[in-house]
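A.B. asks: Encoded as structure tokens, here's the structure I'll be asking about.
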Amino acid sequence: MASAFALASSVGGLLAGIVAFGALYAALGRHLPDPKDYPEPPLAESSVLVDGGGEPYAELVAGERRVVVDSRRISPALKDAVVAIEDRRFYRHSGLDFRGIARAAVVNVLSGTISEGGSTLTQQLIKNRFVDPAARDDRSFARKWFEGALSWRLEKERTKREILTDYLNTVYFGGGAYGAEAASRTFFSEPADELDLAEAATLAGMVNLPGFYDPYSDPESVVARRNVVLAAMLDVGYIDEGQYEEAKAAPLVIRPGAVLRAPEEFAPFVAAVRAEVARDYGEEALLRGGLRIETTLDPRLQRAAVRAADAGVDPEAGEPSAALAAVDPGTGRVLAVASETGKPFHESPFNLATQAKRQPGSTFKTFVLAAAVRAGIPPDAVYDGNGPLVLPDGTQVNNYREYQWGPIAVRKATIESVNTAYTRLALSVGMPFVVETARAMGIREPLEPYPSTAIGGLAEGVTPLELAGAYATIPSGGVHHPPRFVEGATRRGTGEPVGRGAQAPSLEPEQALTEYESGVVADVLRSVVADGHAEGPGRLDGTLGFPSAGKTGTSELFADAWYAGFASPGSGIGAGQSGLAAVSWVGYPEGRRPMVGVAGYEEVNGEKLPLDVWESFMLGAREDGSAPRVGA
């Protein structure tokens, strides 16, 4: 009798306290904290990358896997299920459910444990959105007062529909999925507005203990919990007896929809996209996410690039690494990049195609050629090809193996890559004009107007992508389109365009050469293939089956080797035949290490491994039996 009296006294005291608590809230309502005074950090959302054809190929998870959607894109069944099991008086209370608090207090006293809570969906939203994560386990009276006060005020400022939608976009469902859309796609591989009753009840049941209700490890508990949710929906009147029985009898069918992860061969491209988004749209775009990022990726060419680089070198056997970059000359879209180091990209994330600045060797002679054509010097102009050439500062320029060529035309000097003739050509044009031409065509790294620059002796070097973008100026009719990985970005939830930052580089095309000038340069580079050595570029016409043009390059001591060129799907090479521009590089990532006695070669120059990689890529680009195509 005494214990019953004590229990009654305890319950009565609790009820009286709750009534007093409610009265205090009402009395102090005008002085409660305002949600507007507290920061509501933006929800982290996943971003999705789509390729040049509009197909998704990767998801960038920004801290939490979430896709924010509006109320119309959430199944009514899920809304009803969550309300029924989590806060059935949601549409009748004002943020605080005093009846629910009283009921929970009685249950807890009777059980002697904290077995039931009295928080409303509004309070849970406040806790998830306005309370610092480090303070969310604080159960003190002051913390509960703060959360309850904000809930009370939030209900005055937002509709029930807005609050429920915010809650369903915020709450954790388990499996790494935050929010209804991510949860629906994670467990059922479908959007949240397509959930049926049984699926909606399953997700609603997982909210209470997402770590416990795991459909993979304990499906029986998940089904039992689902049926509890269905019973609550029936009790509230959201479903009828027939719907209840049908959903209760439905088997639990989980259709996993994991995070969309890009294939390993896409990893270098994804890394480049992330870097460009951070640079042009801001770090916040990556941290917050929620974007649909339209990229320039051509999946077929990307796979071909990675296969070519992988087949061309074997770093695990002590051979050098390889990189390749391919660009659409007519638009500047980067279609593929490869970075082959012998390790998975995540283990060696330095992107050789976009970050490795190396000496371009004789590939730079193309810019001297372009400057000479701009200055009115024809390809049949003759220069002295003997050496050594002693410069005013005492520096000596020699030809490969110190070969003496005598008087030689510019076209022939290009085919044979004669250093002395090209240095004299550059000096006759003027090195400042050579530098100006190279910059106009797309070289952005520091360039000094020194004679050594004419044959590829740069201060910092260039990346394969930068060189590919500059070479792409030639088949585009002399128009330079700055290379880019990202076409644009929109908000996933609204489709609203996201603007590039003020500091983002210009993507506007620039006329670097006239159409005639670019045609002359293209014709000379075509001669490198058409009239070149059979063991070098001269073999390409026979193996590729379509015309191409290009230039080899080798830096001092064989530390870097290159092949830069372009192929056309048309009947010739020249203005208007934009085709595909690509650059391959081979070398050691750690620094300038001579490539001597590796891969079966006495010396590795541009005519060997880099040309092998470039040729393999172009063959892979036409596996369907046609000439290379540019991205969709």
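A.B. asks: Give just the number: which of (1) over 21 Å from Tyr244 (Cα atoms); (2) part of a helix (DSSP H, G or I); (3) in contact with a Phe, Trp or Tyr (Cβ under 6 Å, 6 or more places away or on another chain) does Tyr167 not satisfy?
C.D. replies: (3)
A.B. asks: Also, I was wondering about something else. Please state which one of Glu284, Glu264, Glu294, Glu319 is modelled with pLDDT under 95, acidic (Asp, Glu) and either buried (at least 22 other Cβ atoms within 10 Å of the Cβ) or touching a strand residue (DSSP E or B) at 6+ places or on another chain (Cβ under 9 Å) (or both).
C.D. replies: Step by step, each of Glu284, Glu264, Glu294, Glu319 is checked, and only Glu319 is modelled with pLDDT under 95, acidic (Asp, Glu) and either buried (at least 22 other Cβ atoms within 10 Å of the Cβ) or touching a strand residue (DSSP E or B) at 6+ places or on another chain (Cβ under 9 Å) (or both).
For every residue, the table says whether it meets (1) out of contact with any helix residue (DSSP H, G or I) (no Cβ under 8 Å at 6 or more places or on another chain); (2) part of a helix (DSSP H, G or I); (3) farther than 30 Å from Gly495 by Cβ.
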site: Tyr244; (1), (2), (3): no, yes, yes
site: Pro251; (1), (2), (3): yes, no, yes
site: Arg274; (1), (2), (3): no, yes, no
site: Ala278; (1), (2), (3): no, yes, no
site: Gln302; (1), (2), (3): no, yes, no
site: Ala322; (1), (2), (3): no, no, yes
site: Ala325; (1), (2), (3): no, no, yes
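A.B. asks: Among Ala231, Ala224, Ala204, Ala200, which is farther than 30 Å from Val48 by Cβ and open to solvent by less than 50 Å² (accessible area, probe 1.4 Å)?
C.D. replies: The match here is Ala231.
A.B. asks: Looking at Gly257 and the list (1) out of contact with any Gly (no Cβ under 9 Å at 6 or more places or on another chain); (2) open to solvent by less than 30 Å² (accessible area, probe 1.4 Å); (3) more than 21 Å from Phe187 (Cβ to Cβ), which single condition is not satisfied?
C.D. replies: For Gly257, the failing item is (3).
A.B. asks: Right, next: Taking into account only those residues within region 494-521 that are among the hydrophobic types (A, V, I, L, M, F, W, C) and more than 34 Å from the chain's Cα centre (by Cα), which is surrounded by the most Cβ atoms within 10 Å (Cβ to Cβ)?
C.D. replies: Here the residue is Val521.
A.B. asks: Going through Arg439, Arg374 one at a time, which residue ends up being at pLDDT 95 or above, among the charged types (D, E, K, R) and under 37 Å from the mean Cα position of the chain (by Cα)?
C.D. replies: Within the list Arg439, Arg374, the selection yields Arg439.
A.B. asks: Suppose the filter is closer than 24 Å to Asn128 by Cα and either β-branched (Val, Ile, Thr) or assigned to a loop (DSSP other than H, G, I, E, B) (or both); does Leu209 pass it? Break it down stepwise before answering.
C.D. replies: On the way: closer than 24 Å to Asn128 by Cα: yes; either β-branched (Val, Ile, Thr) or assigned to a loop (DSSP other than H, G, I, E, B) (or both): yes.
The answer is yes for Leu209.
A.B. asks: Scan Pro392, Pro388 and give me the residue that is of a type outside the set (Ser, Thr, Tyr), surrounded by fewer than 24 Cβ atoms within 10 Å (Cβ to Cβ) and in contact (Cβ under 8 Å) with a residue 12 or more places away in the chain.
C.D. replies: Details: Pro392 fails: in contact (Cβ under 8 Å) with a residue 12 or more places away in the chain.
Result of the check over Pro392, Pro388: Pro388.
A.B. asks: If you don't mind, there's one more thing I want to ask. What number of residues in region 327-347 are in contact with a Gly (Cβ under 8 Å, 6 or more places away or on another chain) and outside any strand (DSSP E or B)?
C.D. replies: Final tally of qualifying residues: 3.
A.B. asks: Cβ-Cβ under 6 Å, sequence separation 6+ or interchain: first residue in region 200-229 and within 11 Å of Ile85 (Cα to Cα) and without any contact (Cβ under 8 Å) to a residue 40 or more places away in the chain, partner among the hydrophobic types (A, V, I, L, M, F, W, C) and outside any loop (DSSP other than H, G, I, E, B). Which pairs?
C.D. replies: Close Cβ pairs satisfying both conditions: Met206/Phe173; Arg226/Ala201.
A.B. asks: A further question on this structure: Evaluate region 477-493: report whether one residue or more is at pLDDT 95 or above, open to solvent by 40 Å² or more (accessible area, probe 1.4 Å) and in a strand (DSSP E or B).
C.D. replies: yes
A.B. asks: So Ala470 passes all but one of these: (1) within 23 Å of Phe433 (Cβ to Cβ); (2) open to solvent by 10 Å² or more (accessible area, probe 1.4 Å); (3) not in a loop (DSSP other than H, G, I, E, B). Which condition number does it fail?
C.D. replies: The one condition Ala470 does not meet is (2).
A.B. asks: For region 404-430, how many residues meet the condition of being open to solvent by less than 10 Å² (accessible area, probe 1.4 Å), closer than 27 Å to Gln511 by Cα and either of a type outside the set (A, V, I, L, M, F, W, C) or within 40 Å of the chain's Cα centre (by Cα) (or both)?
C.D. replies: So the answer is 3.
A.B. asks: Also, I was wondering about something else. What tally of residues in region 415-472 results from selecting those that are among the acidic types (Asp, Glu) and more than 24 Å from Pro388 (Cα to Cα)?
C.D. replies: Of the residues in region 415-472, 4 are among the acidic types (Asp, Glu) and more than 24 Å from Pro388 (Cα to Cα).
A.B. asks: Can you tell me which residues in region 330-377 are under 23 Å from Ser518 (Cβ atoms), open to solvent by less than 30 Å² (accessible area, probe 1.4 Å) and of a type in the set (A, V, I, L, M, F, W, C)?
C.D. replies: Val334, Leu335, Phe364, Phe367, Val368, Leu369, Ala370, Ala371, Ala372, Val373
A.B. asks: Report whether or not Arg401 is within 26 Å of Val583 (Cα to Cα), surrounded by fewer than 21 Cβ atoms within 10 Å (Cβ to Cβ), among the basic types (Lys, Arg) and at pLDDT below 95.
C.D. replies: The answer is yes for Arg401.
A.B. asks: Just one of (1) crowded, with 17+ Cβ neighbours inside 10 Å; (2) at pLDDT 90 or above; (3) not hydrophobic (A, V, I, L, M, F, W, C) trips up Gly54, so point out which.
C.D. replies: All conditions are met except number (1).
A.B. asks: Could you please give the count of residues in region 267-281 that are surrounded by 23 or more Cβ atoms within 10 Å (Cβ to Cβ) and without any contact (Cβ under 8 Å) to a residue 40 or more places away in the chain?
C.D. replies: Residues in region 267-281 being surrounded by 23 or more Cβ atoms within 10 Å (Cβ to Cβ) and without any contact (Cβ under 8 Å) to a residue 40 or more places away in the chain: 0 in total.
A.B. asks: Can I ask one more? Among all residue pairs at least 6 apart or on different chains, which show Cβ distances below 6 Å where the first residue, located in region 591-614, is polar (S, T, N, Q) and the second is open to solvent by less than 10 Å² (accessible area, probe 1.4 Å)?
C.D. replies: Asn605/Ala561
A.B. asks: Follow-up. Can you tell which of Ser71, Ser75 is buried (at least 21 other Cβ atoms within 10 Å of the Cβ), under 26 Å from Ala198 (Cα atoms), among the polar types (S, T, N, Q) and at pLDDT 65 or above?
C.D. replies: Of the residues listed, the single one that is buried (at least 21 other Cβ atoms within 10 Å of the Cβ), under 26 Å from Ala198 (Cα atoms), among the polar types (S, T, N, Q) and at pLDDT 65 or above is Ser75.
A.B. asks: Another question, if that's okay. Can you tell me how many residues within region 591-624 are open to solvent by 30 Å² or more (accessible area, probe 1.4 Å), among the hydrophobic types (A, V, I, L, M, F, W, C) and in contact with an Asp or Glu (Cβ under 8 Å, 6 or more places away or on another chain)?
C.D. replies: 2
A.B. asks: Quick one: how many residues across region 446-469 are under 15 Å from Gly361 (Cα atoms), touching a residue at least 40 places away in the same chain (Cβ under 8 Å) and either of a type in the set (Val, Ile, Thr) or out of contact with any Ser or Thr (no Cβ under 8 Å at 6 or more places or on another chain) (or both)?
C.D. replies: Summing the residues that are under 15 Å from Gly361 (Cα atoms), touching a residue at least 40 places away in the same chain (Cβ under 8 Å) and either of a type in the set (Val, Ile, Thr) or out of contact with any Ser or Thr (no Cβ under 8 Å at 6 or more places or on another chain) (or both) in region 446-469 gives 9.
The values are calculated or read from the model by the stated rules, or taken from the named source; none is laboratory data. Just so we're clear, the structure is a prediction, and the values are computed from it rather than from any experiment. Here Cβ is always computed from backbone atoms with ideal geometry, including for glycine, and neighbour counts include all displayed protein chains. These accessible areas exclude ligands, DNA and RNA; they are computed on the full protein's heavy atoms, side chains included. Shrake-Rupley method; radii C 1.70, N 1.55, O 1.52, S 1.80 Å.
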